[in-house]
Amino acid sequence: MLPDAPGSAVLNDGSSLPLIGLGLYKVEPADTTRVVADGVDVGYRLLDGAAFYGNERELGDAVRQTGLRPGAAPQGELRVASKVWGDPVMSYDQTLRDFDSTERDLGFAPDLYLIHWPRASRDEYVNVWRALIRLREEGRVRTIGVCSFNETELTRLIDETGVAPALNQIESHPWLPQLPLREFHAEHGILTQAWSPLGRGRLMADPMLGRIAQTHQVSVAQAILRWHLQLGGAAVPKSTHRDRLARNLDLDGFVLTDEEMAAIAGLESGERTGSHPDSRQ
């Protein structure tokens, strides 16, 4: 019997989004069909893609092979995310062209469309956000959001357009919980969705996390993903192994205690496992 998925969050656009999605970063195109098929088979209903990942054609083929319809609403259907990369040009018009390209590669329009990086030094992210708002107003995409935006950048989007992102996908894990940013998200109805939620596997060897996992008879990855949920957030872990994909969804049979949550909080160091947003120019 497959585990129940961990549930969904209601977004500020009125739609719902699975709390745990399948991340497709660094999944080789040749492996994408198999990984997506395994993921959908064990219960994933959110597939987190991006133009930059180089596997959108394979993702589209894989979705068609599942027999499930991408898009928001009927329960049990898939939600597929993509992201605008912004190279070599980042602008309003280029964003619309990039969306068209993603739609061609997938063979359907993504249900979620996100700004992949703010690239603040270019001073174009508000114009890109206006393009995403247009795509939503035209009914071409259901949900729009951002990735790796800080509080200042989010505030500018909201102040200049009147539209808050539905989610901000940020690097977050026990070394980098980003609690002040999470609080800002909560105040503005923005879902915190973690990329690199397991620290790219580097947290698996932490002895304290190992003890917590052993206490609950779960994997370290399951313990960390449960921590994300208890912080009120969501996550898009990646794996290419069917058994790990299934375990990463099996999070409802245990709850971390207050003492365990406090112990995990003590791991905060500010260490990143991916690029700092300010490094993307």
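The values are calculated or read from the model by the stated rules, or taken from the named source; none is laboratory data. This is a predicted model, so every value here is computed, not measured. Every residue, glycine as well, gets a Cβ built from its backbone with ideal geometry; the counts of neighbours run over all protein chains shown. Surface accessibility is based on the protein's heavy atoms, side chains included, excluding ligands, DNA and RNA. Shrake-Rupley method; radii C 1.70, N 1.55, O 1.52, S 1.80 Å.
Each of 146, 115, 43 was scored by the projection of its Cα onto the charge dipole of the range 21-160, and the greatest displacement toward the positive side belongs to 43; charges sit on the C-beta of Lys, Arg, Asp and Glu. Taking all protein chains as shown and a probe of 1.4 angstrom, residue 211 keeps an accessible surface of around 140 Å². Averaged per residue, the range 1-150 has 41 square angstrom of accessible surface, using a 1.4 angstrom probe with ligands and nucleic acids left out. Were the residues from residue 12 through residue 133 laid out at 0.36 nm apart, the gain over their Cα-Cα distance would be 42.2 nm. Express the Stokes-Einstein translational diffusion coefficient of the range 47-188 in µm² s⁻¹, to the nearest whole number, given a Kirkwood radius over alpha-carbon pairs, 25 °C and a viscosity of 0.890 mPa s. Result for D is 157 µm²/s. Classify the range 186-281 from the C-alpha gyration tensor, please: rounded if a/c falls under 1.5, else prolate or oblate depending on whether a/b exceeds b/c. Rounded shape, in that the Cα axes give a/c under 1.5. Our coupling estimate for the range 190-199, obtained by passing each phi through the Karplus curve with A = 6.51, B = -1.76, C = 1.60 and θ = phi - 60°, is 9, 6, 7, 10, 8, 9, 6, x, 10, x Hz, Gly and Pro reported as x.
Rounded to the nearest 20, the size of the Cβ-charge dipole of the chain about its Cα centre is 480 debye, with Lys and Arg at +1 and Asp and Glu at -1. Return the single residue from 254, 108, 52 with maximal mean-square fluctuation; model: Gaussian network over the chain, springs between Cα atoms under 10 Å. Highest fluctuation of the listed residues: 254. In this rough spin-label picture, where each label sits 7 Å from Cα along the Cβ direction, the residue 97-residue 269 distance is 4.4 nm.
Could you tell me what percent of the accessible area of the range 169-281 is made up of carbon and sulfur, with a 1.4 Å probe and every protein chain present?
Here it works out to 49 percent.
Expressed in units of 2.2 N^0.38 Å, where N is the residue count, the Cα radius of gyration of the range 193-239 is 1.07. Start at zero, step by 10 Å, and the Cα-Cα distances of the range 17-64 spread as 30, 60, 11 percent across the bins. The range 208-227 and the range 115-151 have Cα centres lying 35 Å from one another.
Considering only alpha-carbon pairs that sit under 8 angstrom and 6 or more positions apart, the relative contact order computed for the range 164-224 is 33 percent.
Let me check I've understood the local charge: for residue 32, count other residues with C-beta under 10 angstrom from its C-beta, Lys and Arg +1, Asp and Glu -1. What total comes out? Taking every other residue near residue 32 into account, the sum is -3. Normalised by 2.2 N^0.38 Å, with N the number of residues, the alpha-carbon radius of gyration of the chain equals 0.96.
Ranked highest first by average number of other Cβ atoms within 10 Å, how do 134-145, 215-226 line up?
215-226, 134-145
Look at the dipole of the range 45-103 built from charges on Cβ: of 68, 82, 99, the Cα furthest out on the positive end belongs to 68. The value of relative contact order for the chain, using C-alpha pairs under 8 Å at least six residues apart, is 20 percent. From its DSSP helices (H runs of at least four residues, each -39,500 (n - 2.57)), the chain gives a residue-normalised ellipticity at 222 nm of -12000 deg cm²/dmol.
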